[in-house]
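Enquirer: Pasting in a structure now, in structure tokens, and then I'll have a few things to ask.
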Amino acid sequence: MSKNLVIVESPAKAHTIEKYLGSDFKVLASVGHIRKDTKVDKSTFDVTYEIDPGHKSIITELKKEAKAADKIWLATDEDREGESISWHLCEVLNLPKDTARITFHEITKPALEAAIKAPRVVDMDMVASQQARQTLDMLVGYDLSDIVRRKVPGAVSAGRVQSPALRLIVEREKAIEKFEDKFTYKIAGEFCKETTFSANFTGKAPEDEKSALDLLEEFSKADFVVTDIEKTEGSKSNPTPFTTAALQIEANAKLGFSSRTTMSAAQGLYQAGLITYHRTDSLNLSAQAVSAMAKYIEANFGKNYLKTRHFKTKDASAQEAHEAIRPTNIALTSAGKNDYEKRLYQLIWARTLATQMENAKVAKTTIYISHDFEAKGEVVVFDGFLKVYGKSKDTELPNLTKGDKLNYINITARQTFAKPPARYTEGSLVKKLEELGIGRPSTYASIMSAIQVRGYVIKGESEGEERKVTELKLEDNKITENLVSEKFGANKGKLVPTAIGELVAGFLTDNFKNIVDYKFTANIEKDLDLVADAKLERVKMLRDFYGPFHDTVMVANGAERYNNARLLGHHPETGKPIYAKVGKNGGFIQLGDNEKESGEKPRFAPLPKRKSVKTVSLEQALKQLALPALPRVLGKAPDGAELIAANGPFGPYLKGGKYNIPMKDLDPYTVTIEEALPLYQAKVDSIIADWDEIMIINGAYGPYVKGPGRRNHVKVPKDVDPKKITLEEACKMLDDKPKTKTTKTRRGTRGGKKKATTKTKK
């Protein structure tokens, strides 16, 4: 038996650590939390914990190894969540309170050896802070979700931190809807003096076509002269190291990664010992890391590229870790087990190296031209950190002198619409939450995921709509007018609130102002930091919050059901009212009053594309009501199967015989038999064997056996010919498939059947 037992959170991390510690150490993983909090006493705030059934065998093994080991080391992650896991391990494994607790910012041999030499005990103040956060989220989640489900159609749940995030997105959408489509005529010219260059008009932009034409007429008779030339030297400052939030923001902007994808890839890199701990507020880089980077820069780029820097974190509460995110070995330029990890590692490597490099030096030139034209140029004199991180693009101007006369090649006045506020991306929303002090590094990915999984926010897919804009061009002393196309309103990859999301945000704003108040939520985070620093008692903090919150819940119980239905007008033929409403599946049009009120069943139609309950007009609603009723028969397939277009809870689908086929890109109201036939035929062709309730299907990821019910399928092994599988063999494959867990497994999950109430006095 090993003399030392080290317990970490993940098997991947355990494997990496065991390589460094040697034969005297055995490293096992708890696989996340081994218990979960299932009940909170609302008067004492005592928490009832349960063992996770899926962790029984893990706990049995840990207990066995703990009894045999001479010394036990708790090496869970260094943040509050990790501290809590160590405490739960002590409780469940009956470990003494002085059990060695070690933390490290990177999984390297020197870092592990240093940690072993400086153990401590579990920090119960950090544990109390984590318990306070978890308890707070449970209390708010239970009470708030219950009332939101009853009062808001289509609502699933609501959370303490996700609600302000949803409010931000909804408020941005409202600002976009209110934005006025004002335009001016942007004027730019092509000028020549041996070589051609561009210049922009800096005077007052014309606000109508006549003014733009008058200005171009004036330019057609004008002489253009260089009135002044200004040359300056400047620099571009290098970036700061990555914190968790900054990494999510940059990975979203540069790589298109979601917060969840970024954190998953970062966790893989950390557990493999390739980067430092990935949940951190700190900008600090260790002296050893800075020294290693300095040697690398000098050796690979030259001494003139080196400028060592030390960064300090402004936020005093930045205590989730003690270093920024950086590679553990700066000489390793590429690493990771898959494309996501490799791309993220490259980003981290380049950003970290750039922090220790010289600023870029640029030469800027501005040429002032008569009649309010300016040409700007920039040349990178020394690329500095841009060598590894960023772009160095030159915009060169011709060598001119003051008084030079210029000829214009053409001058264009283009109708240019002002841009509305930009919708949030996951990256820009994380940045905003960080600015407001809402959430912590470990919570941003779950916030982004929660508001989308609940159906309150979606990622836009529209490339935008086309519109015609006027372009006036002065060329050879003649002015021509053209209409050119441009796209506007694109929301691809942006966070767009759904109709239900807008309702939930509205209900919470009207009834729970504190929950969606940005300052209030940020102050809760500060209180949690005070609990971690032993400056505020956990129970006092919870009592101060929950008392007023519970009173608000009681008041909100009497609120009317929240719908925000809009009366658009009345049907010109029947006189019945037409409403735009929100239901459990989103917005819709309703013709007639509810059946309970009118005694007659109303008629429903979907909202037009890219229209919401607030923006749809009566005219648009009438067009939607004129659409054919669903389900609608399209015709018959060559094999005699009747094809029917329909709409279900999971979106539009095509019913062909016994098959229901999703129609992701087709509208069930307008789809034709010609468009539907290829979908049906593709489905038929994918069926390898069909025994009614049991089928063998060739799917996107290979052949699989499908049984009755949802999610009842099993993949056909690669060495098995799917065409030779019998019904009996297919049934056996379904019976023998691995059982899936009915509970969700995540980093913060703890659970089980064995109950143990813990009373915390913090």
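The values are calculated or read from the model by the stated rules, or taken from the named source; none is laboratory data. Predicted, not measured: the structure shown is a model, and the values here were computed from it. Every residue, glycine as well, gets a Cβ built from its backbone with ideal geometry; the counts of neighbours run over all protein chains shown.
Enquirer: Can you pull out the residues in the stretch 443-464 that are over 13 Å from the mean Cα position of the chain (by Cα) and either in a helix (DSSP H, G or I) or in contact (Cβ under 8 Å) with a residue 60 or more places away in the chain (or both)?
Expert: Within the stretch 443-464, 454, 455, 456, 462 qualify.
Enquirer: Now for a separate question. Would you mind listing the strands (runs of 3 or more DSSP E) fully within the stretch 694-734 where at least 2 residues are out of contact with any strand residue (DSSP E or B) (no Cβ under 9 Å at 6 or more places or on another chain), at pLDDT below 90 and assigned by TED's automatic domain parsing to the domain that holds residue 660?
Expert: Qualifying strands (runs of 3 or more DSSP E): none found.
Enquirer: Let me ask something else about it. Return the total of residues in the stretch 1-30 being under 16 Å from residue 103 (Cβ atoms) and in a loop (DSSP other than H, G, I, E, B).
Expert: So the answer is 3.
Enquirer: Of the residues 683, 664, which single one is of a type in the set (Lys, Arg) and modelled with pLDDT of 85 or more?
Expert: 683
Enquirer: OK, next. Name the pairs whose Cβ atoms lie under 7 Å apart, with the first residue in the stretch 511-524 and farther than 12 Å from residue 163 by Cα, the second among the aliphatic types (A, V, I, L, M) and surrounded by fewer than 17 Cβ atoms within 10 Å (Cβ to Cβ), and 6 or more positions between them or separate chains?
Expert: Partner pairs satisfying both residue conditions: 511/559; 522/436.
Matching residues to (1) touching a Lys or Arg at 6+ places or on another chain (Cβ under 9 Å); (2) outside the structural domain of residue 407 (by TED's automatic domain parsing); (3) surrounded by fewer than 23 Cβ atoms within 10 Å (Cβ to Cβ):
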residue: 120; (1), (2), (3): yes, yes, yes
residue: 123; (1), (2), (3): yes, yes, yes
residue: 146; (1), (2), (3): no, yes, yes
residue: 158; (1), (2), (3): yes, yes, no
residue: 162; (1), (2), (3): yes, yes, no
residue: 171; (1), (2), (3): no, yes, yes
residue: 177; (1), (2), (3): yes, yes, yes
residue: 187; (1), (2), (3): yes, no, no
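Enquirer: Do we have any residue at all in the stretch 69-92 that's among the hydrophobic types (A, V, I, L, M, F, W, C), assigned to a loop (DSSP other than H, G, I, E, B) and at negative phi?
Expert: Checking the stretch 69-92: at least one residue is among the hydrophobic types (A, V, I, L, M, F, W, C), assigned to a loop (DSSP other than H, G, I, E, B) and at negative phi.
Enquirer: Would you mention how many residues in the stretch 128-152 are touching a helix residue (DSSP H, G or I) at 6+ places or on another chain (Cβ under 9 Å) and part of a helix (DSSP H, G or I)?
Expert: Qualifying residue count for the region: 17.
Enquirer: Of the residues that sit in the stretch 286-341 and are hydrophobic (A, V, I, L, M, F, W, C) and closer than 30 Å to residue 525 by Cα, which one is modelled with the lowest pLDDT?
Expert: If we take residues in the stretch 286-341 being hydrophobic (A, V, I, L, M, F, W, C) and closer than 30 Å to residue 525 by Cα, then 321 is modelled with the lowest pLDDT.
Enquirer: Need the failing condition index for residue 572 against (1) within 30 Å of residue 607 (Cα to Cα); (2) in contact with a helix residue (DSSP H, G or I) (Cβ under 9 Å, 6 or more places away or on another chain); (3) surrounded by 18 or more Cβ atoms within 10 Å (Cβ to Cβ), just the number.
Expert: Unmet for residue 572, out of (1) within 30 Å of residue 607 (Cα to Cα); (2) in contact with a helix residue (DSSP H, G or I) (Cβ under 9 Å, 6 or more places away or on another chain); (3) surrounded by 18 or more Cβ atoms within 10 Å (Cβ to Cβ): (3).
Enquirer: Name the residues in the stretch 588-606 that are under 18 Å from residue 568 (Cβ atoms), in a loop (DSSP other than H, G, I, E, B) and either modelled with pLDDT of 85 or more or β-branched (Val, Ile, Thr) (or both), would you?
Expert: If the condition is that a residue be under 18 Å from residue 568 (Cβ atoms), in a loop (DSSP other than H, G, I, E, B) and either modelled with pLDDT of 85 or more or β-branched (Val, Ile, Thr) (or both), then 592, 593, 602 are the ones that fit.
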